[in-house]
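The values are calculated or read from the model by the stated rules, or taken from the named source; none is laboratory data. All of these numbers come straight from a predicted model, not from anything done at the bench. We place every Cβ from the backbone using ideal geometry, glycine too, and count neighbours over all the protein chains shown. Quick note on the areas: whole protein, heavy atoms, side chains included, nothing else; ligands and nucleic acids left out. Shrake-Rupley method; radii C 1.70, N 1.55, O 1.52, S 1.80 Å.
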Amino acid sequence: MKQFYCSTLLLFIGLVSSYWFGYTPALLGLLYLLASLIAYYLYAKDKKAAINGMWRVPENTLHLSALLGGWPGAMVAQQRLRHKTKKTRFRLVFYLTFLINIGFVLWLHTPAGSQKLHTSVYTLASFAGGLFGGGQVLTVLLQLTRFHVVP
């Protein structure tokens, strides 16, 4: 199994475990999935532009998408599309964004990070309740922001 699939699989297992043991809400996994799809799209768009000599996606945008949780999609795109795999400087910055992102997720599992995450999630849920006033959208959002209760 290649490195990028192992990293993505480890993230998936980590997020499921983190939810199961009550550290993070399911919403975190959904955000990673969404960010990964966006990152993959940006890499594919940049690769196509590079081939066709068109406007390119700025490297800072690619790095930001990885930093904001899209690193699994970025990593898969780099390998599958054979894009940005030879530029040493780009790869170094990419791995730095990867390490920062993983560090942030690990911080969420500390007492201070967990408290901040719980406060933020409950604030988001309250805000959504006031914004949507009930209904299906709010119900789904509240389900995604719940923390699994460990018996």
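So, in the range 72-107, of the ones that are more than 14 Å from the chain's Cα centre (by Cα), of a type in the set (A, V, I, L, M) and surrounded by 13 or more Cβ atoms within 10 Å (Cβ to Cβ), which residue ends up nearest to Ala49 (Cα to Cα)?
Looking at the filtered set, the residue picked out is Leu81.
In the range 38-62, how many residues are within 18 Å of Leu92 (Cβ to Cβ) and open to solvent by 50 Å² or more (accessible area, probe 1.4 Å)?
The number of residues fulfilling the criteria is 3.
For the range 108-117, which residues satisfy the criterion of being in a helix (DSSP H, G or I) and open to solvent by less than 50 Å² (accessible area, probe 1.4 Å)?
Gly113, Ser114, Leu117
Exactly one condition in (1) at pLDDT 90 or above; (2) within 11 Å of the chain's Cα centre (by Cα) is false for Leu11; which is it?
The single condition Leu11 does not satisfy is (1).
Kindly indicate whether Val137 is buried (at least 16 other Cβ atoms within 10 Å of the Cβ) and either part of a helix (DSSP H, G or I) or modelled with pLDDT of 85 or more (or both).
no
Only one of Tyr32, Tyr95, Tyr43 is farther than 29 Å from Thr145 by Cβ, hydroxyl-bearing (Ser, Thr, Tyr) and touching a residue at least 40 places away in the same chain (Cβ under 8 Å); which? Let's see the steps before the verdict.
Numbers: Tyr32 fails: farther than 29 Å from Thr145 by Cβ; Tyr95 fails: touching a residue at least 40 places away in the same chain (Cβ under 8 Å).
Testing whether each residue is farther than 29 Å from Thr145 by Cβ, hydroxyl-bearing (Ser, Thr, Tyr) and touching a residue at least 40 places away in the same chain (Cβ under 8 Å) leaves just Tyr43.
Just to be sure before I move on: is Ser65 open to solvent by less than 100 Å² (accessible area, probe 1.4 Å), under 14 Å from Leu28 (Cβ atoms), modelled with pLDDT of 75 or more and polar (S, T, N, Q) in the structure I sent?
For Ser65, the condition - open to solvent by less than 100 Å² (accessible area, probe 1.4 Å), under 14 Å from Leu28 (Cβ atoms), modelled with pLDDT of 75 or more and polar (S, T, N, Q) - is not met.
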